[in-house]
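Report on the structure given below.
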Amino acid sequence: MKYKIAVFDMDGTILDTLDDLADSTNYALRTNGLPQRTVDEVRRFVGNGIGKLIERAVPQGTDDAVRQKVFDTFTTYYKDHAAIKTKPYDGIKEVVQKLKEAGVITAVVSNKADFAVQSLCRDYFDGLFDMAVGEKEGIRRKPAPDSVLAVLERFGLQKEDGIYIGDSDVDYNTAINSGLAPLMVGWGFREESFLMEIGAPFVIHKPEEMIDIIL
């Protein structure tokens, strides 16, 4: 096989989480007396963790204390509402299963809060990923390579052994910064034209296209 490990982003890559993220964002904004956002706006806001999502979602000039309240409200609400409308993209589970059967190590590295990454992996991909890592305090978020490199170290692998699959500029830069091959998908939260502009060599449109590329 060409790669020994396939590392996946979560939001927009293996799971369509947008509606639950938008609903939770708007609940947090509404609860704190702030104007709500459209789903398309939330689509543009996600990718850099909850803190950045809330920072982008609140009106410009919002007081830090209010922004923190929105963050806290979102976090509490999302813990119980992360899997209401969320669903795996068609074909993803089958592809991950085939990779595992071929001997490829599979992992998730996301900027989503670690509690949500762990629960969603259990809910939708139970046993399909060998390791899952979300945002944790004290560890730099993507596109910093820290979490990806920790995964490689855990399995005794080198950067040349891995490919990183994602749907955004954050993911592309994570792959580059980690030394992994980038593989960009066109069904997620960023448009294909944008992905090509930032340097993606190509964009795939169906999960099964990963099989030949990775193996």
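Taken over the range 64-90, residues that are in contact (Cβ under 8 Å) with a residue 12 or more places away in the chain, of a type in the set (A, V, I, L, M) and exposed (fewer than 14 other Cβ atoms within 10 Å of the Cβ) amount to 1. Taking the range 115-139 as the range and being closer than 19 Å to Asn48 by Cβ and modelled with pLDDT under 95 as the test, the residues that pass are Phe115, Ala116, Glu135, Lys136, Glu137, Gly138, Ile139. Entry remark, the range 19-43: residues being closer than 17 Å to Asp169 by Cα and either in a loop (DSSP other than H, G, I, E, B) or in contact (Cβ under 8 Å) with a residue 24 or more places away in the chain (or both) number 2 in total.
Yes or no, residue by residue, for (1) over 19 Å from Asp90 (Cβ atoms); (2) more than 17 Å from the chain's Cα centre (by Cα); (3) among the hydroxyl-bearing types (Ser, Thr, Tyr):
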position: Arg122; (1), (2), (3): yes, no, no
position: Arg154; (1), (2), (3): yes, yes, no
position: Ala175; (1), (2), (3): yes, no, no
position: Leu183; (1), (2), (3): no, no, no
position: Glu191; (1), (2), (3): yes, no, no
position: Gly199; (1), (2), (3): yes, yes, no
position: Lys206; (1), (2), (3): no, yes, no
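Among the residues of the range 164-178, is any charged (D, E, K, R) and either closer than 17 Å to Tyr3 by Cα or outside any loop (DSSP other than H, G, I, E, B) (or both)? Yes, that holds for at least one residue.
Could you grab me the full set of residues in the range 133-153 that are of a type in the set (Gly, Ala, Ser), surrounded by fewer than 21 Cβ atoms within 10 Å (Cβ to Cβ) and touching a residue at least 24 places away in the same chain (Cβ under 8 Å)?
The first filter runs over the range 133-153 and keeps only residues of a type in the set (Gly, Ala, Ser), leaving 134, 138, 144, 147, 150.
Still in the running and surrounded by fewer than 21 Cβ atoms within 10 Å (Cβ to Cβ): 138, 144, 150.
Correct list: Ala144 only.
The values are calculated or read from the model by the stated rules, or taken from the named source; none is laboratory data. Quick caveat, the model's predicted, so the values are computed rather than measured. Glycine gets a Cβ as well: all are built from the backbone with ideal geometry, and neighbour counts include every protein chain shown.
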